[in-house]
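**Q** Sharing a structure here in structure tokens format.
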Amino acid sequence: MSAGDNSPVTGAAFAALADWGTSNFRLWLVDRSGAVLAERQSGEGMGTIANPAGFSDVLEGHLQALAAPVGLPVAIAGMAGARTGWIEAPYLTAPADLRALYQGAVRAPSDHRKAFILPGVCQREPLPYDVMRGEETQLAGAVFAGKDSGLFCMPGTHSKWVLLNQGVIEQFATVMTGELFDLISKQSILRLSMAGAERSGAEHPAFVAAAKEAMEPGFSITARLFSIRASGLLSGATATDAAARLSGLLIGAEVAAMRHLVPTGGTVRIVASESLTGLYSAALAASGLSAEPLDGSALVRSGLFAAATALFANQNTDV
């Protein structure tokens with residue numbers, strides 16, 4: 001286990017905020033202003049916990065390591081609320097008002113403290129079926145920071161593109177770009193062209209060229225993928241060139257499919273790691289759009305704090 005901060009709490013703690021993903025766990029202790037008093041993180045995501053009772057054990061272990069006050073309430077976002085998590089927090093259906101996200105919170109079975117898990121958001125007919133769990137809390141943080149409208153891009157294994165209007169999720173789409181890159185580069189015939197590839201970024205010429213190619217009229221991703229293999233055989237393209245081209249084709253195709261949601265010359269807000277922000281910013285620029293990077297960690301903490309404030313502002317209330 002790794003911890004971001006093992007120091008005991010030294011101020012007056014108001015609540016604990018937990019971001020519980022599939023692979024990772026993050027915990028912050030905050031005061032009434034939202035200032036962080038202490039924090040911890042580990043690899044104890046939902047996927048590592050064998051049964052629902054294990055969630056309480058993990059949470060209490062981290063709180064005890066920080067000498068958190070007995071009975072300190074906790075607001076939780078992410079996969080702890082999945083059907084196979086601690087306890088299911090049913091999805092809110094889009095259109096969903098993120099300012100009222102806390103109203104869908106579900107109390108977790110804990111003998112130690114009040115622990116509430118925030119809901120995810122789903123999309124039903126007539127729009128395509130879709131779901132998110134965790135990203136909605138980051139978006140709630142953006143809303144409470146005054147960024148309550150616009151198109152948000154949240155890249156990752158399964159990228160989310162979300163249209164917000166005055167704090168309401170109107171519609172969203174999941175694009176499996178990250179997972180497709182992993183599968184294609186490791187399990188398809190293209191793996192032979194990418195063995196030993198070095199990590200490259202948005203500055204690689206093959207990435208930029210491929211992203212622009214993917215935005216051309218009539219582009220088909222399935223009709224262009226094999227060109228990666230052929231270019232290695234015929235033009236001497238390196239493994240790094242091949243990986244950059246695959247990344248450019250996939251991300252370019254993703255941006256091309258979503259760009260109709262924002263006017264030409266508009267701005268897309270990106271919530272991602274530094275490396276992914278660079279790649280998506282370059283692809284957006286190739287499409288005539290600009291990018292505004294946002295700090296995902298700060299956003300989820302802000303969204304959790306807003307929910308905690310609504311849930312726990314009166315500590316004497318049995319919420």
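Every number here is computed from the coordinates shown, using simple stated rules; none is lab data. Predicted model only: the values in this text are computed from it and were never measured. Note that we place each Cβ from the backbone using ideal geometry, even for glycine, and neighbour counts take in every protein chain shown.
**Q** Which of His62, His260, His112 comes first, and how do the rest follow, when ranked by fewest Cβ neighbours within 10 Å?
**A** Numbers: His62 25, His260 7, His112 14.
With the sparsest Cβ surroundings first, the list reads His260, His112, His62.
**Q** Under a point spin-label approximation (7 Å from Cα along Cα-to-Cβ), what is the His158-Val36 distance to one decimal in nm?
**A** 2.7
**Q** Which of Ile49, Ile184, Ile228, Ile251 has the fewest other C-beta atoms within 10 Å, and how do the rest follow up to the most?
**A** Working: Ile49 21, Ile184 18, Ile228 25, Ile251 28.
So the ranking, lowest neighbour count to highest, is Ile184, Ile49, Ile228, Ile251.
**Q** Any idea how far apart Arg224 and Arg124 come out in nm if each label point goes 7 Å out from Cα toward Cβ?
**A** Distance between the two pseudo-spin positions: 3.8 nm.
**Q** Also, I was wondering about something else. Can you tell which of Ala142, Ala230, Ala285 shows the greatest fluctuation in a Gaussian network model of the chain with Cα springs below 10 Å?
**A** Comparing Ala142, Ala230, Ala285 in a Gaussian network model of the chain, the most mobile one is Ala230.
**Q** Only counting other Cβ atoms within 10 Å, I'd like Cys153, Cys122 sorted with the fewest neighbours first.
**A** Sorted ascending by nearby Cβ count, the order is Cys122, Cys153.
**Q** Tell me, rounded to the nearest percent, the portion of alpha carbon pairs in segment 31-95 spaced more than 14 Å apart.
**A** So the portion of pairs separated by more than 14 Å is 65 percent.
**Q** Also: Which distance in nm do the two modelled labels at Thr48 and Val106 give, with both placed 7 Å along the Cα-to-Cβ direction?
**A** Inter-label distance under the simple model: 2.4 nm.
**Q** Okay, next question. Expected output is a single nm value to one decimal: the length gained when fully extending between Gln166 and Arg191, i.e. 0.36 nm times separation in residues minus the C-alpha distance. What is it? Could the numbers behind the result be given before it?
**A** Working: separation 25, 0.36 × 25 = 9.00 nm, distance 4.45 nm.
Extra length available between Gln166 and Arg191 comes to 4.6 nm.
**Q** In deg cm²/dmol and to the nearest 500, what is the mean residue ellipticity at 222 nm of the chain if only DSSP H runs of at least 4 residues count, each as -39500 (n - 2.57), divided by the residue total?
**A** Values: 10 runs with 111 residues, N = 319.
Theoretical 222 nm ellipticity from helices: -10500 deg cm²/dmol.
**Q** Related question: Which residue, Pro73, Pro217, Pro128, has the most motion in a Gaussian network model of the chain that connects Cα atoms within less than 10 Å?
**A** Of the options given, Pro217 has the highest mean-square fluctuation.
**Q** Further, regarding this structure: Kirkwood hydrodynamic radius (Cα pairs, Å) of segment 177-288? Before the final figure, lay out each step's value.
**A** Numbers: mean 1/r = 0.0705 Å⁻¹.
Taking the inverse mean of 1/r over all distinct Cα pairs, segment 177-288 comes out at 14.2 Å.
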